[in-house]
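Heads up, the thing below is written out as structure tokens.
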Amino acid sequence: MSTKKTLLSIENLDASIGDKNIIKNLNLTIHYGETHAIMGPNGSGKSTLAKALAGHPDCEITKGSIKYKDIDLLTLPVEERSNEGLFLGFQYPIEIPGLSNSVFLKAAINAKNKHQELKDVSATDFIKELKENADMMGINQSFLSRGVNEGYSGGEKKRNEILQMLMLKPTLSVLDETDSGLDIDSMKIVSKGINSMLGANTSSIVITHYERLLKYIKPDVVHVFHNGTIIKSGDHMLARELEEKGYEWLTNE
Amino acid sequence: MDPENNQVSNPEIDNLIEKNYEYGFTTDIESETIAPGLNEDVIRLISKKKDEPQFLLDWRLKAFRHWSKLKEPEWGHLNIDKINYQNISYFSAPKLENAPKSLDDVDPKLLETYEKLGIPLHERAKLAGVAVDAVFDSVSVATTFKKKLLEAGVIFSSFSEAVKDHPELIKKYLGKVVPYRDNYFAALNAAVFTDGSFVYIPKGVRCPMELSTYFRINEANTGQFERTLIVADEGSHVSYLEGCTAPMRDENQLHAAVVELVALDDAEIKYSTVQNWYPGDEDGKGGIYNFVTKRGDCRGKNSKISWTQIETGSSVTWKYPSCLLRGDNSIGEFYSIALSNHHQQADTGTKMIHLGKNTKSKIISKGISAKKAQNTYRGLVTIAKNADHSRNYTQCDSLLIGDKCGAHTFPSIGVNNSSSILEHEATTSKISDDQLFYCMQRGINEEDAIGLIISGFCKEVLNELPMEFAVEARALLQVNLEGAVG
């Protein structure tokens, strides 16, 4: 492990939403190529962590630091975090009526290209790649010209999040309960998309309630979140243990 | 949650308001401007300067006498400073030694102005295949592509030229759709209009290119009163686009235009407007009063008139492009985006008057207000007793940005025929912080995110614009909204 390069390093982090302190003294290190699962009961602060990483304006960092690719992440505005390769898969993807998926995605890719001083993506390359990825995610071509998440079912929205992730090729994906509300077929498709992204130079944080997603995505590390911090970490066997015993045996300790 | 913290604020974007209006330059060009004031002598002078036939002068004078008896209307949902009609100069023309015979003879400074506006007459027109008639203050400066159009039998010229070259057509159609008695500003326009565009598409002809007019107010203290008349003869088709800009000036300037469209049997007219007159500064100082009467007469059976308007400029916009659906099976459409920022006020909408049988109308109105702006949709749909099986669909959407602006909807519906169907839908929404955050999490900065969300909101209307102008319109919407959030 020690030879691995660090991608993300969270130290002594406190974060609050409104007046409420939610994340408390959190420490977490993620190396390149690792997948970390974050599990925990409702209200344990999992989604707040996702917000803190993405720079959501409601989330205030009151203490500690986050280093990402050796950059002080907390100094970067939301869009630059994204352009530096940080992707947030939303628990509740937002609808933007009338704005077509493909126009939206192209704008996002070109924003990233601009940030990296690259040229705009060519229309043909973009469409080719979009079609391939849409096929993998079982998304019908007609969806691509529809409004972003407009009138999508819960499962369609989640698959669309993963499609966006595949197109944007992030370095760190933070997937906030991507598995919630998915039937077993959608879960398999979504997992396939996530697995296709994993590699030596990418990492992901998979936030989930249930172990079932982790049957398809093998995490390197499983963390249990409680009261805004990590109370236990282990390998994927920990997830199985949680599935069998619930969280109580840990939270009551 | 504290609403103050609920906003994604960005002082940099706020600063962009300052450079909001890109077209605020004036052109240093020698002009012939008559002294301010309005009386019969001024009207005679205008008519004489334009070398007009007697019938036109008589008509102007009748209009003026009628106007003198009228009171300015006050029913708009608008705050307007009193206009002193005696302080306006009613004629201003760029002084040219000789009238230009071709584009090469046009004063290079004028052409430079059009370059700044993004319409180099030479190249752009050729590239886009667009024929452009440009009206600078009161007179039409150059009409490109006239020859090619003439080969197709299409007449596209300045109004003044048409009066000289086709007096019979002018006499036949002028003031027939919008009579000078129609309203206060229509009467004023009839009395003092100085130029505009005239289009005639002969029977069965599909106009080979988009026709386009650019209007520009340059001189201080002048009003612009242009008149556009488009006649589509049986079975013909034409698409026409007008664009407007003006310099930034502290005083309000008046623009009171009249547009008349006539579609005969099986004819179709598509009329698009991109209006970006100077809107005034962020304190509401200056800007154009845009009081325009636009009406289309679907006179023939199976005729169709479609209005598309992108209204982003002017301090006050007060207009209702309308359709008189007289011919059986005729169709009227109105697609509108009205964007108001800062202290801008827009009271706009349409009238669809169903007279013929099986007539159809469709109204899609998108109002966007930001800062302290007020945006009003006012619509009238009337279905007459004999207009059997007529249909109207109205969709009225308002988008609010911030919490100090307002959106108002005043629909008026009158149905006198039981076989007809009307539908009316209205929504009001806000650009949510969630939408902005979602876009920004995908790497798109706030400014571009607002542009994308707005273009999504306006999609149905933008889709109606001719291709080459849709891109421009999107950019315009975004520029006019800079600094709207935060």
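The values are calculated or read from the model by the stated rules, or taken from the named source; none is laboratory data. Just so we're clear, the structure is a prediction, and the values are computed from it rather than from any experiment. Note that each Cβ is placed from the backbone with ideal geometry, even for glycine, and that neighbours are counted across all protein chains shown. Side chains included, ligands, DNA and RNA excluded: accessible areas come from the protein's heavy atoms. Shrake-Rupley method; radii C 1.70, N 1.55, O 1.52, S 1.80 Å.
Values computed for the structure shown
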read-out	value
The stretch B:439-464 residues that are within 18 Å of A:Asn160 (Cβ to Cβ), paired with ones that are of a type in the set (Asp, Glu) and at pLDDT 90 or above (beta carbon under 6 Å, 6 or more apart)	B:Met440/A:Glu79; B:Gly443/A:Glu79
Every residue from the stretch B:69-86 that is surrounded by 13 or more Cβ atoms within 10 Å (Cβ to Cβ) and more than 23 Å from the chain's Cα centre (by Cα)	B:Leu70
So A:Leu118, is it open to solvent by 10 Å² or more (accessible area, probe 1.4 Å), assigned to a loop (DSSP other than H, G, I, E, B) and of a type in the set (A, V, I, L, M, F, W, C)	yes
Condition check for B:Glu446: of a type outside the set (Phe, Trp, Tyr), at the interface with chain A (Cβ under 10 Å from one of its Cβ atoms) and either open to solvent by less than 20 Å² (accessible area, probe 1.4 Å) or within 29 Å of A:Phe87 (Cβ to Cβ) (or both)	yes
Conditions (1) open to solvent by 10 Å² or more (accessible area, probe 1.4 Å); (2) more than 7 Å from chain A (Cβ to nearest Cβ): number failed by B:Leu462	(1)
Unmet requirement for B:Lys285, which otherwise passes all of (1) over 21 Å from B:Asp81 (Cα atoms); (2) free of Cβ contacts under 8 Å to residues at least 60 places away in the same chain; (3) open to solvent by 20 Å² or more (accessible area, probe 1.4 Å)	(1)
Residues (of a type outside the set (A, V, I, L, M, F, W, C) and under 15 Å from B:Thr376 (Cα atoms)) located in the stretch B:405-428	B:Gly406, B:His408, B:Thr409, B:Pro411, B:Ser412, B:Thr427, B:Thr428
Failed item in (1) open to solvent by less than 20 Å² (accessible area, probe 1.4 Å); (2) within 26 Å of the chain's Cα centre (by Cα); (3) closer than 30 Å to B:Asp388 by Cα, with B:Gly406 passing the rest	(3)
Unmet requirement for A:Gln91, which otherwise passes all of (1) within 11 Å of another protein chain (Cβ to nearest Cβ); (2) within 30 Å of A:Ser9 (Cα to Cα); (3) within 20 Å of the chain's Cα centre (by Cα)	(1)
Output for the stretch B:295-330, where each listed residue is within 18 Å of B:Ala473 (Cβ to Cβ) and either of a type in the set (Ser, Thr, Tyr) or out of contact with any helix residue (DSSP H, G or I) (no Cβ under 6 Å at 6 or more places or on another chain) (or both)	B:Ser306, B:Trp307, B:Thr308, B:Gln309, B:Glu311, B:Thr312, B:Gly313, B:Ser314, B:Thr317, B:Lys319, B:Pro321
Verdict on A:Phe104 being more than 14 Å from chain B (Cβ to nearest Cβ) and either of a type in the set (A, V, I, L, M, F, W, C) or in contact with a Lys or Arg (Cβ under 8 Å, 6 or more places away or on another chain) (or both)	no
Residue identified as surrounded by fewer than 18 Cβ atoms within 10 Å (Cβ to Cβ), more than 8 Å from chain B (Cβ to nearest Cβ) and modelled with pLDDT under 95 among A:Pro57, A:Pro41	A:Pro41
Whichever residue in the stretch B:411-443 is within 7 Å of chain A (Cβ to nearest Cβ) and of a type in the set (S, T, N, Q) and, among such residues, is nearest to B:Thr359 (Cα to Cα)	B:Gln435
Residue that is farthest from the other protein chains (Cβ to nearest Cβ) [pool: residues in the stretch A:132-163 that are out of contact with any Gly (no Cβ under 7 Å at 6 or more places or on another chain) and among the acidic types (Asp, Glu)]	A:Asp135
Meets criteria (at pLDDT below 95 and away from chain B (no Cβ under 13 Å)) for A:Glu129	yes
